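The values are calculated or read from the model by the stated rules, or taken from the named source; none is laboratory data. Just so we're clear, the structure is a prediction, and the values are computed from it rather than from any experiment. FYI the Cβ positions are ideal-geometry reconstructions off the backbone, even for glycines, and counts take in every protein chain you see. Accessible surface is based on the protein model in full, side chains and every heavy atom, while ligands, DNA and RNA are left aside. Shrake-Rupley method; radii C 1.70, N 1.55, O 1.52, S 1.80 Å.
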Amino acid sequence: MSALVASVAAYTVLLTLLTACGEHLSKPAALSTAVAAHRVVPAPSIVAALVIATEGLLGAAGVVALLRDGSGRLLAVVLAGSAALLATYVGYGLYVRSTGRAVPCGCSRVEVPMTGWVVARAATLAGLAVVGSLLSGAVVPVGRASTSLTIVLLAAATFTALLAHLPAAMHDPDQPPVPVEQGGVPG
């Protein structure tokens, strides 16, 4: 059972990072524009480039780790780094939301507002990265084609797609945001 949980967690995180990097590369100005609108960091274009590069490097290193049928140490390091990146997204998202500004999250090519659902998605992915890192020795490698790998890939693709669309699916554009301090829900 731990192999299934660890594998789905690891593959979901890595697939999400690669998808995010690909989306950001397809429209690089979207992230830079969103970070500038957040008014948190002094050099939004540099931060956006670093975020895209980090997502891509972690995703690619994860693929390399999955192709190697080893002890899982490299995968554990990659997933720990991914957990750190995603936890940073959680903290950043919470801070941006606390400013009360209605700004885009910059998560993809589609303009989605920074809501509690963006933060919840990042927290979920950070948790999955921690689980995958702690159980990295049990992750089914890509080189071991089997029924279990097929199930893992299908589950990871499903979770990645669901998590990718969660903030947009839960956003009601007709509902004005209510600040959390005034009893609003973090969504």
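Enter the angle in degrees (range 0 to 90, nearest 10) between the Cα long axis of helix 28-38 and the first principal axis of the Cα atoms of the chain, meaning the one along which they spread out most. Helix 28-38 and the main axis of the chain meet at about 50 degrees.
Using a Gaussian network model of the chain in which every pair of alpha carbons under 10 angstrom is joined by a spring, one finds that among Thr147, Thr16, Thr33 the greatest mean-square fluctuation is at Thr147.
Only the Cβ atoms of Lys and Arg (+1) and of Asp and Glu (-1) were treated as charged; on that basis the dipole of the chain about its Cα centre amounts to roughly 320 debye. For segment 25-104, the Kirkwood estimate of hydrodynamic radius, built from reciprocal distances between every pair of different alpha carbons, is 14.1 Å.
Please report the carbon-and-sulfur percent of the accessible area for segment 1-171; probe 1.4 Å, protein heavy atoms only, DNA, RNA and ligands left out. The nonpolar share, carbon plus sulfur, comes to 71 percent. Distance from the Cα centroid of segment 115-129 to that of segment 1-41 is 11 Å (rounded to whole angstrom).
Summed over all non-identical Cα pairs, the Kirkwood treatment of the chain gives a radius of 17.0 Å. Adding -39500 (n - 2.57) for every DSSP H run of four residues or longer, then dividing by how many residues the chain holds, sets the calculated 222 nm ellipticity at -24000 deg cm²/dmol.
Ordered by 1.4 Å accessible area with all protein chains kept, Leu50, Leu57 run largest first as Leu57, Leu50.
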